[in-house]
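Chemist: Sharing a structure with you now.
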Amino acid sequence: MSDLLSPILFVMEDESESFWCFVALMERLGPNFNRDQNGMHSQLFALCKLVELLDSPLQNYFKQNDCLNYLFCFRWILIQFKREFEYEKTMRLWEVLWTYYLSEHLHLPLHNYFKQNDCLNYLVCFRWILIQFKREFEYEKTMRLWEVLWTHYLSEHLHLYVCVAILKRYRNKIMGEQLDFDTLLKFINELSSHIDL
């Protein structure tokens, strides 16, 4: 849990705000930490199906080498790649991964306020929505905002696609060196902080 909370505390610089951010994050990631690990197993199963669909030779290799449980990706999913990338890149990835969840939940308090004050037409936000905040921020910040805003259209399971991308990136090494499960697990763990996002 400290893998997830410590960066939030660093960014927020306030314990109470960090706590509430962490609570919201755990609403989303809570099933990953269930005692029966059902949340993790369902995601690993989905990852298996994605690899089967997107890279069948790699899936066949994993099948031949008894690696279909995908436990070598367990940490990636459990702590959302926290140990796999440099700090700055991890923060950027988290911003993108967590946007889908936030986009589905954060609008309600504001909507309720507008409803109480008879502003439900949202005309105050028309330009923001029309041109996606292009004129509201500096160029670099606008580009970063767009990257995050547009991500939620892809999938709420983007982290699984990141897993597939990493596996595809290293597929030649995995298959070329014929890594068995133990060696594959060691290799994946040694990628920590050496993966270019």
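The values are calculated or read from the model by the stated rules, or taken from the named source; none is laboratory data. Since we're looking at a predicted model, the values are computed, not measured. Heads up, the Cβs are rebuilt from the backbone with ideal geometry, glycines too, and the neighbour counts pull from every protein chain shown. Just so you know, the surface numbers come from the protein's heavy atoms only, side chains and all, with ligands and any DNA or RNA stripped out. Shrake-Rupley method; radii C 1.70, N 1.55, O 1.52, S 1.80 Å.
Chemist: For the condition crowded, with 16+ Cβ neighbours inside 10 Å and either free of Cβ contacts under 8 Å to residues at least 12 places away in the same chain or in a helix (DSSP H, G or I) (or both), what is the one hit in Leu58, Leu53? Step through it out loud before you land on a result.
Modeler: Values: Leu53 fails: crowded, with 16+ Cβ neighbours inside 10 Å.
Result: Leu58 is the single residue among Leu58, Leu53 that is crowded, with 16+ Cβ neighbours inside 10 Å and either free of Cβ contacts under 8 Å to residues at least 12 places away in the same chain or in a helix (DSSP H, G or I) (or both).
Chemist: On to the next question. Given the conditions (1) modelled with pLDDT of 90 or more; (2) among the aliphatic types (A, V, I, L, M); (3) open to solvent by less than 10 Å² (accessible area, probe 1.4 Å), and given that Leu71 satisfies all but one, which numbered condition is not satisfied?
Modeler: Looking at each condition in turn, Leu71 falls short on (3).
Chemist: Filter the stretch 139-149 down to the residues that are modelled with pLDDT of 70 or more and surrounded by fewer than 16 Cβ atoms within 10 Å (Cβ to Cβ), then identify the one that is farthest from Met91 (Cα to Cα). It would help to see each step written out before you state the result.
Modeler: Pass one, the stretch 139-149, residues modelled with pLDDT of 70 or more: 139-147.
When the remaining residues are screened for being surrounded by fewer than 16 Cβ atoms within 10 Å (Cβ to Cβ), the result is 139-141, 143-144, 146-147.
On the way: Tyr139: 20, Glu140: 16, Lys141: 15, Met143: 16, Arg144: 12, Trp146: 16, Glu147: 13 Å.
Here the answer is Tyr139.
Chemist: Here is a follow-up. Go through (1) modelled with pLDDT of 90 or more; (2) surrounded by 13 or more Cβ atoms within 10 Å (Cβ to Cβ); (3) under 20 Å from Ile174 (Cβ atoms) for Gln64 and report which single condition fails.
Modeler: (2)
Chemist: Is it true that Arg83 is outside any helix (DSSP H, G or I), out of contact with any Cys (no Cβ under 6 Å at 6 or more places or on another chain) and of a type in the set (Lys, Arg)? Can you show your working first?
Modeler: Working: outside any helix (DSSP H, G or I): yes; out of contact with any Cys (no Cβ under 6 Å at 6 or more places or on another chain): yes; of a type in the set (Lys, Arg): yes.
In short, yes.
Chemist: When you go through Gln43, Gln59, Gln80, Gln64 one by one, which is the residue that is more than 16 Å from Ile8 (Cα to Cα) and in contact with an Asp or Glu (Cβ under 9 Å, 6 or more places away or on another chain)?
Modeler: Working: Gln43 fails: in contact with an Asp or Glu (Cβ under 9 Å, 6 or more places away or on another chain); Gln80 fails: more than 16 Å from Ile8 (Cα to Cα); Gln64 fails: in contact with an Asp or Glu (Cβ under 9 Å, 6 or more places away or on another chain).
Answer to the selection: Gln59.
Chemist: Can you go through His152, His159, His194 and tell me which one is surrounded by fewer than 11 Cβ atoms within 10 Å (Cβ to Cβ) and either modelled with pLDDT under 80 or under 26 Å from Tyr70 (Cβ atoms) (or both)? Talk me through it step by step, then tell me what you get.
Modeler: Details: His152 fails: surrounded by fewer than 11 Cβ atoms within 10 Å (Cβ to Cβ); His159 fails: surrounded by fewer than 11 Cβ atoms within 10 Å (Cβ to Cβ).
Result of the check over His152, His159, His194: His194.
Chemist: Among the candidates Phe33, Phe81, single out the residue that is more than 17 Å from Thr183 (Cα to Cα) and buried (at least 19 other Cβ atoms within 10 Å of the Cβ). Quick ask: steps written out before the conclusion?
Modeler: Numbers: Phe33 fails: buried (at least 19 other Cβ atoms within 10 Å of the Cβ).
Going through Phe33, Phe81 in turn, the sole match is Phe81.
Chemist: Next question. Could you check Val11 against (1) in contact (Cβ under 8 Å) with a residue 24 or more places away in the chain; (2) open to solvent by less than 20 Å² (accessible area, probe 1.4 Å); (3) in a helix (DSSP H, G or I) and say which number it fails?
Modeler: Of everything listed in (1) in contact (Cβ under 8 Å) with a residue 24 or more places away in the chain; (2) open to solvent by less than 20 Å² (accessible area, probe 1.4 Å); (3) in a helix (DSSP H, G or I), Val11 misses just condition (2).
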